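Written out below as structure tokens is the structure these notes cover.
Please treat every number below as a calculation from the coordinates, not as lab data. Keep in mind that what you see is a predicted model, and the values were worked out from it rather than measured. Backbone-built Cβ (ideal geometry, glycine too); neighbour counts: all protein chains shown.
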Amino acid sequence: MALPSKIYKAAIELSDIDRGRYETLQATVAQHPSETEERLVVRLLAYAIFFEDDLTFTKGLCAADEPDLWVKGGDDRVQLWVEVGLPDAERIIKASRHAEKVALMACGRALTNWQQQHLPKLANITNLTVITIDQAFLASLVERLERFINWSITITEGVLYLTIGAETLETAIKKL
């Protein structure tokens, strides 16, 4: 018998000063049984960092041919493809051919090795943005993860400030 997904409700007050976006985001996110809490947190951060109108969570791990998040146009073409984690370079190259913009929030314990192995293969993709954030920051968020997530996120000058209750955490958003 398969384990059920764990459901999280998220409310995020987003102030992305760098892009001039001020939004109140509401999301219901399912954590697949094989997904770590860290990956779930990164998907939520990617939702805020790359937020555009019509950005939606996909089936994720359940659908190998879909990213974690995307924006699809009225003609069903992918306008924005957002991946999290450390995917193969070939997957990102393929996505870059089929989507207007591709974004990758690279994270994971093998990030350094992934950068050495895959970043050179991605260097010439003009519609790709690759970012990373501090692993210790992610670990702090995982420690504070609850089923009802209430975050306030401010992004300014490439720094992300995340407030949970009375506590504010910060991390640089590093473009690779």
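General observations
- Annotation: lysines with alpha-carbon distance below 29 angstrom to Lys174 (same-chain offsets under eight excluded): Lys9, Lys59, Lys72, Lys94, Lys101, Lys121.
- Euclidean distance between Cα centres, the stretch 100-176 to the stretch 17-36, Å: 13
- Sorting Lys101, Lys6 from the fewest to the most surrounding beta carbons within 10 angstrom yields Lys6, Lys101.
- Looking at the chain alone, DSSP beta bridges between its own residues are antiparallel in about 60 percent of cases.
- Each Lys and Arg Cβ is given +1 and each Asp and Glu Cβ -1; about its Cα centre, the chain then shows a dipole of about 400 debye.
- Descending by average beta-carbon neighbour count within 10 Å, the peptides 127-138, 78-89, 106-117 line up as 78-89, 127-138, 106-117, the highest first.
- Annotation note: trypsin sites (Lys or Arg not before Pro) in the stretch 116-156 located in DSSP loop regions with a Cβ neighbour count of at most 11 within 10 Å are Arg147.
- Cα gyration tensor category, rounded, prolate or oblate, for the stretch 32-114 with a/c compared to 1.5: prolate
- Gyration tensor verdict on the stretch 2-44 (Cα atoms; rounded if a/c is under 1.5, prolate if a/b is larger than b/c, oblate otherwise): prolate
- For the chain, a Gaussian network of Cα nodes joined below 10 Å ranks Asp16, Asp65, Asp76 by mean-square fluctuation, and the top entry is Asp76.
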